[in-house]
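The values are calculated or read from the model by the stated rules, or taken from the named source; none is laboratory data. Computed from a prediction, not measured in an experiment: that's the story for all the values here. Positions of Cβ are backbone-derived with ideal geometry, glycine not excepted, and every protein chain shown enters the neighbour counts. Please note that ligands, DNA and RNA were not included when accessible areas were found on the heavy atoms of the full protein model with its side chains. Shrake-Rupley method; radii C 1.70, N 1.55, O 1.52, S 1.80 Å.
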Amino acid sequence: MLRNEPSITPALVAEHGLKPDEHQRILKLIGREPTITELGIFSAMWNEHCSYKSSRLHLRKLPTKAPWVIQGPGENAGVIDIGDGLACVFKMESHNHPSFIEPYQGAATGVGGILRDVFTMGARPIACLNLLRFGSPDHPRTRHLVSGVVAGIGGYGNSFGVPTVGGSVNFHTRYDGNILVNAMAVGIARADSIFYAKATGVGRPIVYLGSKTGRDGIHGATMASASFEADAEEKRPTVQVGDPFSEKLLLEACLEIMGKGCVIAIQDMGAAGLTSSAVEMGAKGGLGIELDLDAVPCREEGMSAYEMMLSESQERMLMVLDPAKEAEAEAVFRKWGLDFAIVGKTTDTLRFVVKHQGQVKADLPIMELGDEAPLYDRPHIPTPPKPVIAAGSVTPPMSNRDALIQLIGSPDLCSKRWVWEQYDHLILGNTVQQPGGDAAVVRIGDGPKGLALCTDVTQRYCEADPVQGGRQAVAECWRNLTAVGATPLALTDNLNFGNPEKPDYMGQFVGCLEGIGDAARALDFPIVSGNVSLYNETQGRGILPTPSIGGVGRIDDVAKAASLSFKAPGEAILLVGETRGWLGQSMYLWQVCGREEGAPPPVDLAAERRNGDFVRGLIGQGKVTAVHDLSDGGLAVALAEMAMAGGVGAAIDATAPDMHGFLFGEDQARYVLTARPQDVGAIEAAARAAGVPLQAIGRTGAQSLTLPGESPIPISTLSSAHEGWLPAYMAASPK
């Protein structure tokens, strides 16, 4: 036995998140009991967060290819061609458990980690987005968690110097003990200068770059792969601490040495830190890796090999350098005040060897660390279908006027200005459309080209019908990009689910992936990157299934991007798409009627594509003055948002047998447009030719919104309800 090594007992194996059969797999693979460092390495590489052992079988079914896809899943981030020799690099990741334990640092390091994933590929980050899910507003921890998470996202992104341009914030009691913090980053690189993790060449130096290693984050990846019980506070030491100013220096140093041709391979030290970065670089290149931990820069005394290999200290990179340019690369990093240390070399042994203080602490087969990770086909039970709530069967508890005011002031539909005003969304000077619209629009360089970006998911649909919910998440993202005039190109996902060892939760995962795949194929919207976050439950209670979707679209001229605000009085209001008044799982049913029930609206993917292509064509021709997709809250909420955004009211004169279903139903594949009176005839003719349902429903004008049969609602009344809830909630004293 090595000096000072503990005995490997069943209890110690279990503490590392490994099951008895997985321990037996390790013994069979290496022919002996692992050392404590090796046990830690297996724990890191074989946990759910790093190995995808419960999800890999199903992820393989997703469409990942298209002519414009340069790099799909499997690297630090996905890469797509956006023309003119440029590429867009983007990905979404979760930091759910750390953010529940320590909301500021958990959210901050989530942002830092996803930014590193992007600039590791050689891209300069240009935007961040997020998708946040919190527990019930009445829960005693919710206000604290909202405050800390928002401050952490803003604190890191603002200090690093990248705008946070979009996101989504919802509340539900199923997130009371397990919030979701999903962060997305987007960068721009030259299409012919993308950097990968694949190491090449034997005997090349492996270089540690960035900040020093400490004891923060040890077992972070393992903790992210476990359910919460009653001990969340005890897991605080597994939360990393971030330094955005060091990361900004790391960005500039990395891009500089990339530009000088010094880098052969590069890998961010994210989940599982030095372990996963070294193993992935070697395994992808079919090479062995030898590390000498005596050379690792540490900020704490007496760190063991085990601690160094599992630390998730932030702002660190691992690179394989061109030996001829080693001195040049070191000079760059010294200039930026960052650590630069040669900590190992590539070998031809296909072994992962870790040395410390004259001892071999680990000697493992490198390919098998990834290839032989457990792969489970978990039992799964499809979610039983929910009953369809027939049109006209819901009795309105109040007037449509009052229902609208209540909805736009509800936690999920109220303005999130309190959140996004804490983010610097204007830094870099290229944000064309600020948060609050269907999608953010960011100029690329001096333009005119830009990107449209958004994040979406309707988790209550996914709970009621995972297949339809998965389809709808992709379709809504596609609609939001379309609504600003962008051509949707590709998506990233963050699949947040409960315990995969429970067949009903695993059934939700399988069903949502089926729906996501259906929609991505039908809409030519491939998945190029992503993350899976399982075991999101507390004391046996799982979150709502939440497959977050992040989308990227291209706009050829940002000056022609559409927005949702009403522009002028006297314009025609047109409704695109078929309206049946679907109230199952709607916000109206939940927030107005107090009922979370029924089947969600079905998603007709052919109609989504047809209607979206039609709307995008009108935007390109300059035929419409405002565009908004219909989703939560249906037509009435969309009209209120358009009126508040533009300061121009509207009168709606359309009628229907089930008026509250018409106004608040959440039928899919729909948009609201405004157009100048002289353009309406041509738009109607084009809709008939394309087979697109189109209905004139009213006109813009005045300073109020008038629904059929109701007294006018002043825009000031709408705005007061919409803007008031979140600031008042956050200012209130905890109960």
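Picking from A191, A183, which residue would you name as being touching a strand residue (DSSP E or B) at 6+ places or on another chain (Cβ under 8 Å) and over 20 Å from G113 (Cα atoms)? Going through A191, A183 in turn, just one is touching a strand residue (DSSP E or B) at 6+ places or on another chain (Cβ under 8 Å) and over 20 Å from G113 (Cα atoms): A191. Counting only strands (runs of 3 or more DSSP E) that sit completely within the range 520-586, zero hold 3 or more residues that are free of Cβ contacts under 8 Å to residues at least 12 places away in the same chain and surrounded by fewer than 22 Cβ atoms within 10 Å (Cβ to Cβ). Against the definition (of a type in the set (D, E), surrounded by fewer than 23 Cβ atoms within 10 Å (Cβ to Cβ) and under 30 Å from C593 (Cα atoms)), how does D658 come out, yes or no? It is true that D658 is of a type in the set (D, E), surrounded by fewer than 23 Cβ atoms within 10 Å (Cβ to Cβ) and under 30 Å from C593 (Cα atoms). Within the range 624-642, the set of residues being touching a strand residue (DSSP E or B) at 6+ places or on another chain (Cβ under 6 Å) and not hydrophobic (A, V, I, L, M, F, W, C) comprises T625, H628, D629.
In the range 387-411, what residues are touching an Asp or Glu at 6+ places or on another chain (Cβ under 7 Å) and either at pLDDT below 95 or surrounded by fewer than 16 Cβ atoms within 10 Å (Cβ to Cβ) (or both)? Of everything in the range 387-411, those that are touching an Asp or Glu at 6+ places or on another chain (Cβ under 7 Å) and either at pLDDT below 95 or surrounded by fewer than 16 Cβ atoms within 10 Å (Cβ to Cβ) (or both) turn out to be A391, G392, S399.
Of all residue pairs spaced 6 or more apart or on separate chains, those with beta-carbon atoms under 6 Å, a first member in the range 64-83 that is assigned to a loop (DSSP other than H, G, I, E, B) and a second member that is among the basic types (K, R) are A77/K91.
For the range 496-527, a residue qualifies if it is hydrophobic (A, V, I, L, M, F, W, C) and touching a Leu at 6+ places or on another chain (Cβ under 8 Å), and the qualifying residues are F497, F509, C512, L513, I516, A519, A520, A522, L523, F525, I527. Candidates in the range 61-94 are the residues that are within 19 Å of the chain's Cα centre (by Cα) and open to solvent by 50 Å² or more (accessible area, probe 1.4 Å); of these, the one that is nearest to G270 (Cα to Cα) is G74. Within the range 407-422, being part of a helix (DSSP H, G or I) and not charged (D, E, K, R) holds for L407, I408, W418, V419, W420. Filtered by the rule that a residue be of a type in the set (G, A, S), within 24 Å of the chain's Cα centre (by Cα) and open to solvent by less than 20 Å² (accessible area, probe 1.4 Å), the range 587-637 gives G612, G633.
If you filter the range 152-169 down to residues that are open to solvent by 10 Å² or more (accessible area, probe 1.4 Å) and within 14 Å of the chain's Cα centre (by Cα), you find that the one that is farthest from I101 (Cα to Cα) is G166.
With a requirement of 2 or more residues that are in contact with a Lys or Arg (Cβ under 9 Å, 6 or more places away or on another chain), surrounded by fewer than 24 Cβ atoms within 10 Å (Cβ to Cβ) and at pLDDT 70 or above, the helices (runs of 4 or more DSSP H) lying completely within the range 218-298 that satisfy it span 244-259, 273-285.
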